[in-house]
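Structure record follows, encoded as structure tokens.
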Amino acid sequence: MSDKVRIRRLPTGVPGLDAVLGGGVPEFSFNVIAGTPGAGKTTLVQQIMFALARADRPALFFTVLGEPPLKMLRYQQQFEFFDLAKVNTSVRFINLAKEALDGGLDAVLKRIIQEVEATSPAIVIVDSFRSVMQAVQRQTEGLEVQHFVQELGMRLTGWQATTFLVGEFQLVETENHPVFTVADGLVWLYQSLDRNSMVRKMQVMKMRGQAPIPGLHTFRVTDSGIQVFPRLIAGPPEPPPADGEGKKRRPKRLSVGVTGLDEMLGGGIPSGYSVLVAGPSGSGKTVLATQFIREGARRGEAGVIAVFEKRPSEYAHTSAVVLDQAVRDGQIGIIHTRPLDLSIDETLHELTDAIHRLKARRVVIDSLSGFELALAPTFREDFRESLYRLVAALTGMGLTVMMTAELEDSYTDLRFSPHGTAFLTDAIILQRYVELGGQFKRVMAVVKVRASAHSKDLRLFEVGADGMVVGERIGNYQGLLTGSPHVVSPGSRLTPRRPDARRPKS
Amino acid sequence: MRQRVFRRTLARQAGTGANAPAIAAAARRLCERFAEQLAPLIGDAGAAAICARSLHLTLRNVRGLAPVRASVQGEAPFALLQQSLEQQEPAAATEVAVGVLATASELLALFIGESLTTRLLREAWPDDFAGDTTEETTT
């Protein structure tokens, strides 16, 4: 048994924040919530306060000279977390403006200690701490700021309070402001602007005694309050399950639900694989993806579709594969996320919510182009890296993921994804238009299935009322993908590849 | 509803059959208690703003109280209110005092909601506002 002190971590009541902090707020810690005006600082601390305050261990919220308390109470009431029943019972608001103006730091400290000793609060918040500093800047007598901060930190911790100081600080101040040295935890909130888009971000710059998730995490402020979307860090892929003798078992294969295509894939899609379906507009990518999901539902494997171009109601019945009934039965979930200002982490959060709710085994992202457009501009720049994290997270959960990607049907540039993301996927199915005998035809090929044999054939396919049907191999033509095929007589040998022949790009 | 409660509270504070000076003194005490109750929550400046606005709205139609109305932004508005009410008939003084308190509570409710306002009034006068159901009946 260890004699080391065990630090209790308090759940913040802010969805996603506990994970970012490394398990919650350390009990009795002394924290700074910093950021520019409008960053969400007061909302964040009040959400935490209402979640943690109890009648026997109340919360004290000291307002100073920042936002007038009358307005703060008026506006914060609009959030669902603001529990009126707790005001003046488990949550007490105390204004320190008079002390700050008349008595400086000594008077502020004295009043805070007085109130803390009278109520034994579990949570103490000073909002805005910055305005305390500003109010006493001109004073030459009394406590120095550093002494004040240290005294406050010690007294509040000694009185078993977990403290949050809220302040409008600038990043450059972290180098020399005493409050940042004394603080156990430092959380910085940002409003990140890119073109016309604003994304809220959060960074835990320090949290003594535990390991927060590094980096910037996006968050939203809604009527419910703040929701944080922890930045996903992909771990190593799970090794394939081993059988009793320690040999790696081959992954189970999932049927796509398209006759002939399973065979082309070498028996279906290996479970836990990511598959890219690439093709030009109207070639049948969505039909294939919905057929994949519907087949799963038919076999008792629930599925989730993330739609970025249509609304779910339209999607469920306008595709050639009607999903209405399976959606009503809870076998299929369709997510239509808010467009144009998403982060990858928020999308993953919505996906995983639906995945856990439905116990889904299959996921479709339709399409990558729509997904990229739905992201806030700031995230489009590193779309490839973000997508890598998303796919790794989903496949790491054991899900089989199918993504569609629209391709410009060019005969001079053979690539499988406009995002350069093909290498991220375990399998690629390519759809193309070809002209044969004066008709537009659709062909399909399986370009790769990692660690598996698969068909190399180009096969005709059609989309009818019942979905996609794969036809025969096109055996008598050569050069179909160049746009200028020619007939090869049966039995003739294929000409060897010329040294300068184009190679597919991924 | 609150007017009735304030009237009862004022009568109890002033005593049965009270004259104008007694009513004026009781009115001042009630106003100061109300402001004291607000100050920790919304600050001295917030409490002063609510009280000043209430005095302004209540007194603008009361003949003879113009000097109070003109001084409501001063440091001791309730002392001036007391002096002015002392010059009124007891019934008129009661009406003005109740009007000031009721208007202040309505203003507060406008800003921070009925629920919080009722809670504050209950804390200031637990016996009188224990049954105040304004928060439940207001839509």
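The values are calculated or read from the model by the stated rules, or taken from the named source; none is laboratory data. Predicted model, so just to flag it, every value in this text is computed and none were measured. With ideal geometry, Cβ positions are generated from the backbone for all residues, glycine too; neighbour counts draw on all protein chains shown.
Which count do you get for residues in region A:184-216 that are farther than 17 Å from A:GLU385 by Cβ and either at pLDDT 90 or above or surrounded by fewer than 13 Cβ atoms within 10 Å (Cβ to Cβ) (or both)?
Of the residues in that region, 23 qualify.
When region A:217-235 is examined, which residues are found to be crowded, with 16+ Cβ neighbours inside 10 Å and assigned to a strand (DSSP E or B)?
A:HIS217, A:THR218, A:PHE219, A:ARG220, A:VAL221, A:GLY225, A:ILE226, A:GLN227, A:VAL228, A:PHE229
Starting from residues that are touching a Ser or Thr at 6+ places or on another chain (Cβ under 8 Å) and either of a type in the set (Val, Ile, Thr) or more than 16 Å from B:THR103 (Cα to Cα) (or both), keep the ones in region B:27-67 and report whichever is nearest to the other protein chains (Cβ to nearest Cβ).
Of everything passing the filter in region B:27-67, B:GLY43 is nearest to the other protein chains (Cβ to nearest Cβ).
Can you run down the residue pairs with Cβ atoms below 8 Å, 6 or more apart or on separate chains, where the first is in region B:111-124 and more than 9 Å from chain A (Cβ to nearest Cβ) and the partner is surrounded by fewer than 18 Cβ atoms within 10 Å (Cβ to Cβ) and of a type in the set (Val, Ile, Thr)?
Pairs found: B:GLU114/B:THR138.
Going through region A:157-179 one residue at a time, which ones are touching a Ser or Thr at 6+ places or on another chain (Cβ under 6 Å) and either of a type in the set (Gly, Ala, Ser) or at pLDDT below 90 (or both)?
Across region A:157-179, the qualifying residue is only A:GLY167.
Does any residue of region A:95-102 turn out to be at the interface with chain B (Cβ under 10 Å from one of its Cβ atoms), not aliphatic (A, V, I, L, M) and not in a helix (DSSP H, G or I)?
Yes, because at least one residue in region A:95-102 is at the interface with chain B (Cβ under 10 Å from one of its Cβ atoms), not aliphatic (A, V, I, L, M) and not in a helix (DSSP H, G or I).
Could you tell me whether any residue of region A:15-34 is within 18 Å of A:PRO230 (Cα to Cα) and without any contact (Cβ under 8 Å) to a residue 40 or more places away in the chain?
Yes, region A:15-34 contains a residue that is within 18 Å of A:PRO230 (Cα to Cα) and without any contact (Cβ under 8 Å) to a residue 40 or more places away in the chain.
Can you pull out every residue in region A:113-127 that is surrounded by 17 or more Cβ atoms within 10 Å (Cβ to Cβ) and more than 13 Å from chain B (Cβ to nearest Cβ)?
Across region A:113-127, the qualifying residues are A:VAL116, A:PRO121, A:ALA122, A:ILE123, A:VAL124, A:ILE125, A:VAL126.
Might you check whether a residue that is surrounded by 18 or more Cβ atoms within 10 Å (Cβ to Cβ) and among the hydroxyl-bearing types (Ser, Thr, Tyr) occurs anywhere in region A:56-75?
yes
Residue under question is B:CYS31, and the condition is that it be crowded, with 19+ Cβ neighbours inside 10 Å, touching a Pro at 6+ places or on another chain (Cβ under 7 Å) and closer than 30 Å to A:GLN114 by Cα; does it hold?
No.
Residues in region B:88-103: is at least one at pLDDT below 90, away from every other protein chain (no Cβ under 14 Å) and farther than 19 Å from A:LEU73 by Cα?
Yes, region B:88-103 contains at least one residue that is at pLDDT below 90, away from every other protein chain (no Cβ under 14 Å) and farther than 19 Å from A:LEU73 by Cα.
Would you point out which residue out of A:VAL145, A:VAL87 is surrounded by fewer than 18 Cβ atoms within 10 Å (Cβ to Cβ) and aliphatic (A, V, I, L, M)?
Answer to the check: A:VAL145.
Taking only region B:1-28 into account, find how many residues are crowded, with 16+ Cβ neighbours inside 10 Å, within 19 Å of B:LEU107 (Cα to Cα) and not aliphatic (A, V, I, L, M).
Of the residues in region B:1-28, 4 are crowded, with 16+ Cβ neighbours inside 10 Å, within 19 Å of B:LEU107 (Cα to Cα) and not aliphatic (A, V, I, L, M).
Looking at A:VAL108, A:VAL87, A:VAL91, which one is more than 8 Å from chain B (Cβ to nearest Cβ) and either under 22 Å from B:THR117 (Cβ atoms) or touching a residue at least 60 places away in the same chain (Cβ under 8 Å) (or both)?
None of the others qualify; the one that does is A:VAL91.
Does A:ILE355 satisfy the criteria of being crowded, with 17+ Cβ neighbours inside 10 Å and without any contact (Cβ under 8 Å) to a residue 60 or more places away in the chain?
Criteria met by A:ILE355.
Sort out which residues of region A:424-441 are assigned to a strand (DSSP E or B), of a type in the set (Val, Ile, Thr) and within 21 Å of A:TYR388 (Cβ to Cβ), and write them in order of number.
Selection gives A:ILE428, A:ILE429.
Within region A:41-52, can one find any residue that is small (Gly, Ala, Ser), over 20 Å from A:GLY153 (Cβ atoms) and not in a helix (DSSP H, G or I)?
No, region A:41-52 contains no residue that is small (Gly, Ala, Ser), over 20 Å from A:GLY153 (Cβ atoms) and not in a helix (DSSP H, G or I).
Listed residues A:SER120, A:SER224; which is out of contact with any helix residue (DSSP H, G or I) (no Cβ under 8 Å at 6 or more places or on another chain), hydroxyl-bearing (Ser, Thr, Tyr) and modelled with pLDDT of 95 or more?
Only one candidate passes the filter, namely A:SER224.
Is it the case, given these coordinates, that A:ARG130 is among the charged types (D, E, K, R), out of contact with any His (no Cβ under 8 Å at 6 or more places or on another chain) and farther than 23 Å from A:PHE62 by Cβ?
No: the conditions fail for A:ARG130.
Enumerate the pairs (first residue in region A:59-81 and at the interface with chain B (Cβ under 7 Å from one of its Cβ atoms); second residue anywhere and hydrophobic (A, V, I, L, M, F, W, C)) with beta-carbon separation below 6 Å, excluding pairs fewer than 6 apart on the same chain, so at least 6 apart or on different chains.
From residues that are at the interface with chain B (Cβ under 7 Å from one of its Cβ atoms), the pairs are A:PRO69/B:ILE42; A:LEU70/B:ILE42; A:LEU70/B:PHE111; A:LEU73/B:ILE112; A:ARG74/B:PHE111; A:ARG74/B:ILE112.
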